[in-house]
Every structure is written in C-alpha cells, then in structure tokens.
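K.L.:
Pasting in a structure now, in structure tokens, and then I'll have a few things to ask.
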Amino acid sequence: MLIQVRDLEFSYNINEIFKDVNFVINEGDKIGMVGDNGSGKSTLAKCLAGILEAKGKIFYKPEMKISYLKQQISVNEKRTVMELALEKYQDVLDLEKSMRDMEGQMADLAEDPDALEKLMEDYQAARDAYDHLNGYAYMSEIKGYLAMVGMGEDFFDRSVHSLSGGEKARLELALIFMEKPDLLILDEPTNHMDVEMIAYLERVLTDFKGAVLFISHDRLLLQNVAQRIFDVNNGAVEVYDMGYDKYREVKRARIEEQQRHYESFKEEEKRQLEIIRRYRSYARDRFYRQAKSREKMLARMKAEEPPKVDQAIRFRFKEPQRTGNDVLTAVGLSKSFPDKNLFKDINFEVKAQDRLAILGPNGSGKTTLFNILNDKATYDGEFLWGTGVKLGYFNQELKVLDEENTIVDEISDEYPRMNIYEIRTLLGSFLFTGDDVFKEMKDLSGGERARVSLLKLILSGANVLMLDEPTNHLDLTSKEVLEEALLAFKGTLIFISHDRYFVKKLATKVLDMTPDEQQIYMGDFDYYMSRKYKKDQDEYEEVNKTQIQKDRKREREEIRKSQAIRRKIAEVEADIEKFENEIDQIDQELSRPEIYEDHEKVLDLDMRRKDLAEKLEKKMDEWTELSE
C-alpha cells in the first residue's frame, strides 16, 4: 500500500468541495479519476501530492516519491531541453563528479596508506551508488524518455522558451517520468497532444511499473489504461475496483436501481397520503386516530432522494435532402506561406454518407483545409463539391453572429421564420431554460456556446456537416448524445477531432495530415491505427532497438572495464603489499648486528631488497595509472 486516505475533506471558504473521502492506493495501481468540471478532481490530486492541505488523514508509505504533472504547462525558460533533463539526474552527476575528484586525490595520497585506504573505501561506496542509479546509462535513459514523447536529438539544444505549447507539454511528461516516482499523478495529460502522442502515452503508462493516478476526459485512455476508477461528484468519491467500461455499466445500473427505489417510495407515499386524506374526510374519531397513525408511519419511512444524474441535451438530425454519390473531390490541394509549406498535393474523394476524419498534429493544416473547402482561404490545386450539397459548418472558435445577441436573438436572427415558442422549446432541449435564454452570447461558457452552435447546425438542414473539434467543450453525456445523433445522420460527415473515442465510433475513412505527408486511409480508426502505427512502430523499434543495443554494449563495456580495472587494482595492491612485507623482512634481517659476520649473505639481502624496491616502484606507478 502506498497511500491510505481517511475521512478527507476540503473546502474553499464556505464552499465544500468534498467530504468523508476514504480510499487506498496500492503499488502498481492504474487509477482513472473522472467527474464533472468543478467537482474537485484537481483539488483532490493536489491534496494527495501535498500541494494543498485538507482536513482528515493521509498516510504515506515511508520514503515514497510522488511526482505531479499539473494541467497547465509550467516549463517556460531559457535553458535547453537537455539542460532541463540533466537536472533530473543531478544525483548521478554529483556522484560522477565526486568519483572524478577522488580519483584525482589518489595519486597525492600514495605515501599515506591510511588516508588512501579511507579514500578507496569512499570511492567504492560512491561507485556502488553510481551503479545502483544506473549511472553508466543515464544519458541513454534521457534520450529514451525524450524519444518517447517524440523529441529527437534536434530538440536537445533548443531553448524551452522556443517550444510550442504541445512540445512543452510533451517535455513536461518526459521530465516527470525521469523522476521515477512510486506514484505518478497526471492532471489531464492529453491536453495539447495529438493522436500519435496519446497512443505513446497509453503505452508508457501501461508499462510504467509504479502507480498512476490520472485525471482525464479521454475515454480511450481510460478504457486502455485504468484498472480502477475514482468517480468524484457531488462532494463524494466513489471507488470502483474495475475498468472504465465495467464502471460505466455498473454506475448506470446503480442509477437505474436508485431511480426504481425512488419511484417506489413516491408511489407508496402517494398511496399513504390518499388513505390519510380519506380517513380525515370521514370526520370520526376512529378514522382520525388511524389517519394520525398513518402520518406517524409515513414520517418514519426513510425518505428516498432522486438519483443525481447528469442533464443531457436531447436532439436528432432531420432527414436531409439526398446528395449525389460524389460529394467532394480534391485534386492537388496545396497551401504554403512565404516561410513554410503547410501541405502539398492532397488528393481525396468523399462519397455520400462517408464519415471522413481528418487527423494530425497541431499546426499540420487541418483547420486551414476546412477554411479552403469553405472558400475562406487561398490555395493551389482544385476541389469540387458534388450535386445537391448543402454545407453546415461547426467551427472550434464557436463564432456567432453578434456577441451582444441574447441566445434567443442569435437563433431568431439566423432563422427569422421561427416564433419565440418554437425557439424556446428547442433551447430547452439544449438545457437552456427560464431566463437562461436571455443570456448574451458574450457571457456564455465554452460549453454553452458549443450547445448553441450545435442547435444552429441542426436547424441548418445541411446534408454535409463539417465539424472542427465538436467535442472540445462538451461534457461526457453530451458527447455521447452527439455521437449517437451523428451515427443516425443520413448525410455526409467531414470532421476534425483529437477525441480518439469520438473518431473510433464515427470514422469510416481517415485523412492523416502530418508535416511530412498527407495520406488517406480507406478504413475506420482501428484500420488507420493498425496500418499507420505498425509502420511507425516497426521503424521506431528498429531504430530504438539498434540504439538500445549500442547503449547496452557500451554499458557492458564500461561495466566490464570498470570491473576489470577494479580486479587489476586489487591484484596490484596485493603485489604491493607482498613486496612491502618482503622488504620489511629484509630490513629486519639487516637490522641484526650478527648478520654482518656473513658478508655474502648481506650482499644477497641487499641485492634482493633493491630488486624488490624496483618492483614495488613499478607496481606503485601501475597502481597510480589504474586509479586515474
């Protein structure tokens, strides 16, 4: 067990965020934390990381290490990527410097055996610690972690300040793994990541030996990584010891059961109230007493609360007018700027009822391609819309007719034939009720603006929908409603999305846009992933395998060299000790006065001593050379 939480509670001033929270986190756990925006997920994560202080108890395993990756990007400085990475290995670098310093001192202590022996002990301890920290391979580790997030050697000397938002997010992820924590806490780690990077993240989190607690709205990440779910809502944390899909199933069944209990309670309450009403209407003492008895029984009944369920938008697309079979043909579409080629020679076709997903990293030109197809940007090449096409466009900037418009006015100005009753009825289906409909557009949240944009899209009657990141501001329930509506839509769909679950559920073909090439995949998301990433993974694994083999060979050579040197030093030290002992014995012989009565023996001892002294000097020179 890494962490045990008991009766945890947290409030901002008088606003209670959560209360009576109890759970444990075990070694190797992979926990997905879910819940509505503002439910307290990030607050709970910060409490576990020690950033915020809550009431209650949090017990930690002794000497455990926690690393926390917050939602907002924090790295933004002039140091280089490699300098920031090396900082994570400061203990290794300090040991390395210490060993070099001790090696320099050894030659100076040749005539002080006691000090030298103490230094050698310190040196061996430092070397053992260095080996334990895998010091000979730290540079390989750094390169591996950076490669994991798509940062090759061309990034090493780049200033962190010069990186894009997405690159900084990827660097932060690599740096957090370099800390090798027992528990890794990630707050929305897929922000600023493209599909490829999220796939890498999935693999890394799955293979990570430590425990992981991650907050995410990415349903595929939750499906593929989480083995437990912490559901944070309504001031409580419900723990589900199961994967994400099973959690959704169990939670849905639990809500349905709560709803049945609530409805049964209300029916029984209604029945008892009717009996009480009748007894009272008889105006007799006996019936009055029975009415009072029923009232007391009713008061003792445990009141049932209705289950708290997320409100969801409700809509479907009308049957659109049919288009011809050829909806869109693009030939040689290209876009460039004076200092950059954005994309070149894109060729693809869209047929009736296709659902084309356009994928690629930020900055690859996806939204620019949308603007070109909407005649809002210049381009080279050509494209042709088919017969009977009526476009409907959802833009990720959520632009409106007039920021000063109320919601009602925004709909009325675009669809003047609709009366106020019709507009308000439709707005109610999109969770705008009461005076909400008179809010001005400039005061709406991102989610509210997205719902208005979706309503306008439905009213457009378009038979070809172009959607640019339609799920960005929608909660989970609204995403699911949108997915089902689009699956039932009888027209054609062209969309940009980083939401892999959304793409997986809808796409029938994929246009992949990267800085190097643009390629059409004539199959769904699973087909695209199998084709693209098998190729990329094969290339990555081949390159990485070669690099790993080189690094391991170098590490083995370093270790073997280190071990051989240590063995040689030990042999030389044994010879030195042997020669010194023999010289001491000769000196003791020569110190006896009677020895000088045998002149030949004295000459022999003297010759042996000189020979041993020469051998000792050579061994001392060898020892000095080996120790440097």
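The values are calculated or read from the model by the stated rules, or taken from the named source; none is laboratory data. The structure presented is a predicted model; accordingly, all values stated were derived computationally and were not measured. With ideal geometry, Cβ positions are generated from the backbone for all residues, glycine too; neighbour counts draw on all protein chains shown. Note: areas computed on protein heavy atoms with side chains; ligands, DNA, RNA excluded. Shrake-Rupley method; radii C 1.70, N 1.55, O 1.52, S 1.80 Å.
K.L.:
With the structure loaded, tell me whether Leu426 is open to solvent by less than 20 Å² (accessible area, probe 1.4 Å), closer than 27 Å to Ile494 by Cα and of a type outside the set (Lys, Arg) or whether it fails that test.
P.N.:
It is false that Leu426 is open to solvent by less than 20 Å² (accessible area, probe 1.4 Å), closer than 27 Å to Ile494 by Cα and of a type outside the set (Lys, Arg).
K.L.:
So which residues in the range 354-379 are over 15 Å from Leu467 (Cα atoms) and surrounded by fewer than 17 Cβ atoms within 10 Å (Cβ to Cβ)?
P.N.:
Answer for the range 354-379, where residues must be over 15 Å from Leu467 (Cα atoms) and surrounded by fewer than 17 Cβ atoms within 10 Å (Cβ to Cβ): Asn362, Gly363, Asp375, Lys376, Ala377, Thr378.
K.L.:
Right, another one. Taking interchain pairs and intrachain pairs at least six residues apart, which have beta carbon atoms under 7 angstrom, with the first residue in the range 266-292 and closer than 26 Å to Glu305 by Cβ and among the aliphatic types (A, V, I, L, M) and the second open to solvent by less than 100 Å² (accessible area, probe 1.4 Å) and assigned to a helix (DSSP H, G or I)?
P.N.:
Ile275/Arg294; Ile276/Ala291; Ile276/Arg294; Ile276/Glu295
K.L.:
Give the residue, chosen from Asp114, Asp94, Asp108, that is in a helix (DSSP H, G or I), closer than 20 Å to Lys143 by Cα and open to solvent by 70 Å² or more (accessible area, probe 1.4 Å).
P.N.:
Asp94
K.L.:
Which members of the range 571-596 meet the condition of being of a type in the set (Asp, Glu) and more than 17 Å from Ala110 (Cα to Cα)?
P.N.:
Listed by number, the residues that qualify are Glu582, Asp584, Asp587, Glu589, Glu594.
K.L.:
Okay, next question. (1) polar (S, T, N, Q); (2) over 27 Å from Lys180 (Cα atoms); (3) touching a residue at least 60 places away in the same chain (Cβ under 8 Å): which one isn't true of Thr206, the others all being true?
P.N.:
Every listed condition holds for Thr206 apart from (2).
K.L.:
Given (1) modelled with pLDDT of 90 or more; (2) open to solvent by 30 Å² or more (accessible area, probe 1.4 Å); (3) in contact with a strand residue (DSSP E or B) (Cβ under 9 Å, 6 or more places away or on another chain); (4) outside any strand (DSSP E or B), identify the lone condition not met by Pro181.
P.N.:
The single condition Pro181 does not satisfy is (2).
K.L.:
What about Ala125, is it among the small types (Gly, Ala, Ser) and closer than 25 Å to Leu171 by Cβ? Before the answer, list the steps.
P.N.:
Details: among the small types (Gly, Ala, Ser): yes; closer than 25 Å to Leu171 by Cβ: no.
In short, no.
K.L.:
For the range 9-22, indicate whether the set of residues that are free of Cβ contacts under 8 Å to residues at least 12 places away in the same chain, loosely packed, with under 13 Cβ neighbours inside 10 Å and in a loop (DSSP other than H, G, I, E, B) is non-empty.
P.N.:
yes
K.L.:
Across the range 550-607, which residue is least open to solvent (accessible area, probe 1.4 Å) among those that are modelled with pLDDT under 80 and of a type in the set (S, T, N, Q)?
P.N.:
Within the range 550-607, the match that is least open to solvent (accessible area, probe 1.4 Å) is Ser562.
K.L.:
So, in the range 432-443, how many residues would count as being surrounded by fewer than 21 Cβ atoms within 10 Å (Cβ to Cβ), under 34 Å from the mean Cα position of the chain (by Cα) and not acidic (Asp, Glu)? So that I can check it myself, show each step before the final result.
P.N.:
The initial filter retains those residues of the range 432-443 that are surrounded by fewer than 21 Cβ atoms within 10 Å (Cβ to Cβ), namely 433-443.
Those left that are additionally under 34 Å from the mean Cα position of the chain (by Cα): 441-443.
If we keep only those that are not acidic (Asp, Glu) too, we end up with 441-442.
Final tally of qualifying residues: 2.
K.L.:
What pairs come out if I take residues in the range 24-47 that are in contact (Cβ under 8 Å) with a residue 12 or more places away in the chain and under 20 Å from Tyr247 (Cα atoms) and pair them with residues that are assigned to a helix (DSSP H, G or I) and of a type in the set (D, E, K, R) whose C-beta lies under 6 Å away, six or more apart or interchain?
P.N.:
Met33/Lys41; Gly35/Lys41
K.L.:
When you go through Tyr130, Tyr145 one by one, which is the residue that is within 23 Å of the chain's Cα centre (by Cα) and on the phi < 0 side of the Ramachandran plot? Break it down into steps so the answer makes sense when it comes.
P.N.:
Working: Tyr130 fails: within 23 Å of the chain's Cα centre (by Cα).
Checking each option against the conditions leaves just Tyr145.
K.L.:
Look at the range 485-518 and say how many of its residues are more than 27 Å from the chain's Cα centre (by Cα) and either without any contact (Cβ under 8 Å) to a residue 60 or more places away in the chain or closer than 19 Å to Ser216 by Cα (or both).
P.N.:
The total comes to 1.
K.L.:
Under the condition of being modelled with pLDDT under 90 and open to solvent by less than 80 Å² (accessible area, probe 1.4 Å), which residue from the range 42-83 is nearest to Val5 (Cα to Cα)?
P.N.:
Residue satisfying both the conditions and the ranking: Ser42.
K.L.:
Of everything in the range 487-498, what is open to solvent by less than 20 Å² (accessible area, probe 1.4 Å) and under 25 Å from Val34 (Cα atoms)? Give them in sequence order.
P.N.:
Those that are open to solvent by less than 20 Å² (accessible area, probe 1.4 Å) and under 25 Å from Val34 (Cα atoms): Ile496, Ser497.
K.L.:
Given the structure, is Met466 surrounded by 18 or more Cβ atoms within 10 Å (Cβ to Cβ), among the aliphatic types (A, V, I, L, M), in contact (Cβ under 8 Å) with a residue 40 or more places away in the chain and over 20 Å from Pro320 (Cβ atoms)?
P.N.:
Judged against the criteria, Met466 is not a match.
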